[in-house]
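> I'd like to ask some things about the structure below.
The values are calculated or read from the model by the stated rules, or taken from the named source; none is laboratory data. Computed from a predicted structure; not experimentally measured. Don't worry about glycine lacking a Cβ; one is built from the backbone with ideal geometry, like all the others, and counts go over all protein chains shown. The area values use the complete protein model at the heavy-atom level, side chains included, leaving out ligands, DNA and RNA. Shrake-Rupley method; radii C 1.70, N 1.55, O 1.52, S 1.80 Å.
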There are 2 protein chains.
Amino acid sequence: MQPWESDEFTEQLRQVGRQHYHDKHPFHRLMNEGRLDREQIRLWVANRFYYQKNIPIKDALLLARCPLREVRRRWVQRILDHDGWGDDPGGIEKWLRLGEAAGLSREDLATDRLLLPGVRFAVDAYVQFVASRPWIEGVASSLTELFAPPLMTERLAAFEKHYPWIDPGALAYFRSRPSLAARDSEHGLALVLAYCRNREEQERAVAALRFKCDLLCAQLDALYYHCVVNAEVGDPFL
Amino acid sequence: MQPWESDEFTEQLRQVGRQHYHDKHPFHRLMNEGRLDREQIRLWVANRFYYQKNIPIKDALLLARCPLREVRRRWVQRILDHDGWGDDPGGIEKWLRLGEAAGLSREDLATDRLLLPGVRFAVDAYVQFVASRPWIEGVASSLTELFAPPLMTERLAAFEKHYPWIDPGALAYFRSRPSLAARDSEHGLALVLAYCRNREEQERAVAALRFKCDLLCAQLDALYYHCVVNAEVGDPFL
């Protein structure tokens, strides 16, 4: 099998996003149409926080698996962005403030009190994926950021319009991410194009990105089940 | 068993350094007395490089194992110091320049061409220790830095005096480390005192520091065997 040319490889990656990114998930549609109540918004914020707080963990694992100093020197920026650095409180702190504005205490989020099992499993699977796969597959899995800016922009507008009970100042995380996601995905795509040279490596990169899309969707499946299906019919196991 | 008070715990840690730190190892004595030839100096530089280049790997593993953001925010500085950040070329780059001044190419160091098995095993054991033990034991293992500044200062003077064929400008790594080691070991000691609360945790911290001293010595054992014993009597296996 011949390796794909750069354009074709890039198109294969973008195709994964068009087909499998979580932007069209029914839970996101409900959220963006303003159809979630306060408790459901809080549940999303709390569950997504588990993903957020594991991002620097998976990025540190990726660093530890990457023998290329020039790659690590840029990748470490992601850890600084999420954990904070100097005067920047960082993305996790911004998410904690979003939680507070939505009515969740820092302890609610620190203790994973509202964490759904399906979300925990999906996020833990992501950390384990990056911990065990070649570093470049960890990079490929991060390329969901290629598709993130429009979703972030839509989400910000939806929150401002439909959920005005959340202080707009607490939406800083959503405002900060599009430019960082664009910068990071540009770096990630350049790495994947440079280091996945034969067809097998390229296909593993596509599979890594698909895996990442699936785990983002799995988080929303768990939320959808809990908020919609479960709320309508009652939990048969309780 | 009662936990040690801070002073007693600190003394237990310092006692490990007095008894087991590698400063008094015969190989260091030979080096500091100017009794190594160029080839032996190169061998030390090349083997120690394997340790140097694994430091950011083990620090990234420690980050990945630490759930405390405020700890990670400071610990990440060590990765920036070694890999470089912004205009700072970083400790690994400084060591590569030391290698060049000692007559080793970057490829010699990148390919581990001169790496002794005993050094590889010891360094890999350190990375594996940090990857598998609780993060605070990784912190405790870093406390050899409490004992590093005098060794660094003595080494710098020895190189300037006995090995003038190495450009003194290439000794920048040795000049940069004492102040960083003092800062880092102060942070590390504060963490160990704060997070090792019962006697069992305290004793595990002491054991982690002993383990680290042992692996620093094991690297020098391998060098001593290769440079001294082996050179005198010939290798019976060859």
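> If only one of A:64, A:102 is over 16 Å from the mean Cα position of the chain (by Cα) and either within 12 Å of another protein chain (Cβ to nearest Cβ) or within 18 Å of residue B:60 (Cα to Cα) (or both), which one is it?
A:64
> If you check every pair at least six apart or on different chains, which have Cβ atoms under 7 Å apart with a residue in region B:1-22 that is more than 28 Å from residue B:221 (Cβ to Cβ) and open to solvent by less than 20 Å² (accessible area, probe 1.4 Å) first and a residue that is at pLDDT 95 or above and not hydrophobic (A, V, I, L, M, F, W, C) second?
B:9/B:202
> Condition (residue is closer than 30 Å to residue A:54 by Cα, crowded, with 22+ Cβ neighbours inside 10 Å and either within 18 Å of the chain's Cα centre (by Cα) or free of Cβ contacts under 8 Å to residues at least 40 places away in the same chain (or both)) applied to region B:45-56: is it met by at least one residue?
Within region B:45-56, one or more residues are closer than 30 Å to residue A:54 by Cα, crowded, with 22+ Cβ neighbours inside 10 Å and either within 18 Å of the chain's Cα centre (by Cα) or free of Cβ contacts under 8 Å to residues at least 40 places away in the same chain (or both).
> Being within 14 Å of chain B (Cβ to nearest Cβ), under 16 Å from residue A:118 (Cα atoms) and not hydrophobic (A, V, I, L, M, F, W, C) is the filter here; which residues of region A:37-56 pass it?
Once the filter is applied, which keeps residues that are within 14 Å of chain B (Cβ to nearest Cβ), under 16 Å from residue A:118 (Cα atoms) and not hydrophobic (A, V, I, L, M, F, W, C), region A:37-56 yields A:50, A:52, A:54.
> When you check residue A:79 against the structure, is it within 12 Å of chain B (Cβ to nearest Cβ), of a type in the set (Val, Ile, Thr) and surrounded by 22 or more Cβ atoms within 10 Å (Cβ to Cβ), yes or no?
So residue A:79 fits the description; yes.
> Still on this structure, I have one more. Collect the residues in region B:185-203 that are assigned to a helix (DSSP H, G or I) and hydrophobic (A, V, I, L, M, F, W, C), keeping them in residue-number order.
B:189, B:190, B:191, B:192, B:193, B:194, listed by residue number.
> Name the residues in region A:190-216 that are open to solvent by less than 30 Å² (accessible area, probe 1.4 Å) and farther than 12 Å from residue A:9 by Cα, would you?
Result: A:191, A:208, A:209, A:212, A:213, A:215, A:216.
> Report the residue count in region B:146-171 for those that are open to solvent by 20 Å² or more (accessible area, probe 1.4 Å) and either within 24 Å of residue A:61 (Cβ to Cβ) or of a type in the set (Val, Ile, Thr) (or both).
So the answer is 1.
> Is there any pair with a first residue in region A:102-122 that is farther than 21 Å from residue A:218 by Cβ and a second that is surrounded by 17 or more Cβ atoms within 10 Å (Cβ to Cβ) and of a type in the set (Lys, Arg) whose Cβ atoms are under 6 Å apart and which are 6 or more apart or on different chains, and what are they?
A:102/A:42; A:103/A:42; A:104/A:42
> When residue A:164 is evaluated against the numbered criteria (1) farther than 22 Å from residue A:82 by Cα; (2) part of a helix (DSSP H, G or I); (3) out of contact with any Ser or Thr (no Cβ under 8 Å at 6 or more places or on another chain), which criterion, by number, is the only one it fails?
Evaluating residue A:164 over (1) farther than 22 Å from residue A:82 by Cα; (2) part of a helix (DSSP H, G or I); (3) out of contact with any Ser or Thr (no Cβ under 8 Å at 6 or more places or on another chain) leaves (2) as the failure.
> Still on this structure, I have one more. Look at residue B:41 and say whether it is open to solvent by less than 30 Å² (accessible area, probe 1.4 Å) and without any contact (Cβ under 8 Å) to a residue 40 or more places away in the chain.
So residue B:41 does not fit the description; no.
> Pick out the one residue from A:131, A:172 that is out of contact with any His (no Cβ under 7 Å at 6 or more places or on another chain) and away from chain B (no Cβ under 14 Å).
A:172
> So residue B:87 ticks every box in (1) modelled with pLDDT under 95; (2) more than 10 Å from every other protein chain (Cβ to nearest Cβ); (3) at positive phi but one. Which box is left unticked?
Condition (3) is where residue B:87 drops out.
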